[in-house]
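Engineer: Sharing a structure, written as structure tokens. Questions coming.
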Amino acid sequence: MKILVLNGPNLNLLGTREPGIYGALTLAQIMARLADEARAKSVDIEWHQSNQEGELVDRIGASRGRFDGIILNPAAYTHTSVALRDALQAVAVPCVEVHLSNVHAREGFRHTSLTAAACIGQIAGFGPIGYVLALEALIEYLGRKHT
Ligand code: CA2
């Protein structure tokens, strides 16, 4: 099983600022923890971070046939990107949306996700462990039959 993990804009700044909202770990540390969990479950993961919407769209577009599932933290593009939503719908690779913070308890503009409707589900508010929960959810989902 191969899972693509995509992280959107400014998540490269994790661990350097706003630890009160996003925690003290860097993205590399969060991804290392996820990779440990994946290895223990015999799952291959490949992860990327980009501040460019088009790069994220391209990576989603190229995922069909190469990956069994996607874990996506679209960051600020969650709330704005029709392009990411269309890409997810087009490839139809099962995707779990992850947010470190509980977006629903924050500013109103974060309550809307344009991408979540193109995902099998959303995990928000559990910090870095949200990525591990997303991996477990994907493994469970992919183990079931979907017609
Ligand atoms: O909670 C999340 O994971 C978010 O996707 C994070 C995004 C935010 O726009 C979403 O509404 C919720 C922001 C990522 C920016 O990360 C930073 C990390 C350190 C310092 C500043 C920003």
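Engineer: Segment 44-143: which trypsin sites (Lys or Arg not before Pro) are DSSP loop and have at most 14 other beta-carbon atoms within 10 angstrom?
Structural biologist: Filter output for segment 44-143: ARG66, ARG106.
Engineer: Taking 7 Å along the Cα-to-C-beta vector as the label spot, tell me the ARG66-GLN89 distance in nanometres, rounded to one decimal.
Structural biologist: Output for this residue pair reads 2.4 nm.
Engineer: Only helical DSSP H runs with n ≥ 4 go in: add -39500 (n - 2.57) per run for the chain, normalise by residue count and round the 222 nm mean residue ellipticity to 500 deg cm²/dmol.
Structural biologist: Computed ellipticity for the chain at 222 nm equals -10500 deg cm²/dmol.
Engineer: Under a Cβ-only charge scheme (Lys and Arg +1, Asp and Glu -1), can you give me the dipole magnitude of segment 2-142 about the Cα centre, in debye to the nearest 20? Intermediate results must be reported in sequence, preceding the final value.
Structural biologist: Numbers: 11 positive and 14 negative charges, 11 e Å.
Dipole magnitude for segment 2-142 comes out near 60 debye.
Engineer: Further question on the same structure: Run the quick spin-label model on ALA24 and ASP58: label points 7 Å from Cα toward the beta carbon, then report their separation in nm to one decimal.
Structural biologist: If labels sit at ALA24 and ASP58, their model points lie 3.7 nm apart.
Engineer: Which whole-Hz couplings ³J(HN,Hα) result when phi for each residue of segment 40-48 is put into the Karplus expression 6.51 cos²θ - 1.76 cosθ + 1.60, θ = phi - 60°, listed in order with x for Gly and Pro?
Structural biologist: So the Karplus estimates, Gly and Pro as x, are 4, 9, 6, 10, 8, 10, 10, 10, 9 Hz.
Engineer: So, one more: Under the rule of at least 5 residues apart or a separate chain, name every residue whose amide H is placed under 5 Å from the amide H of VAL5.
Structural biologist: GLU46, TRP47, HIS48, ILE71
Engineer: For PHE109 and ALA32, calculate 0.36 nm times their separation in residues minus their Cα-Cα distance, and state this gained length in nm to one decimal.
Structural biologist: On the way: separation 77, 0.36 × 77 = 27.72 nm, distance 3.07 nm.
My answer for the length gained is 24.6 nm.
Any read-out appearing in this document is the output of simple, stated calculations on the displayed coordinates, not a laboratory observation. Just so we're clear, the structure is a prediction, and the values are computed from it rather than from any experiment. In this analysis, Cβ positions are derived from the backbone assuming ideal geometry, glycine residues included, and neighbour counts consider all displayed protein chains.
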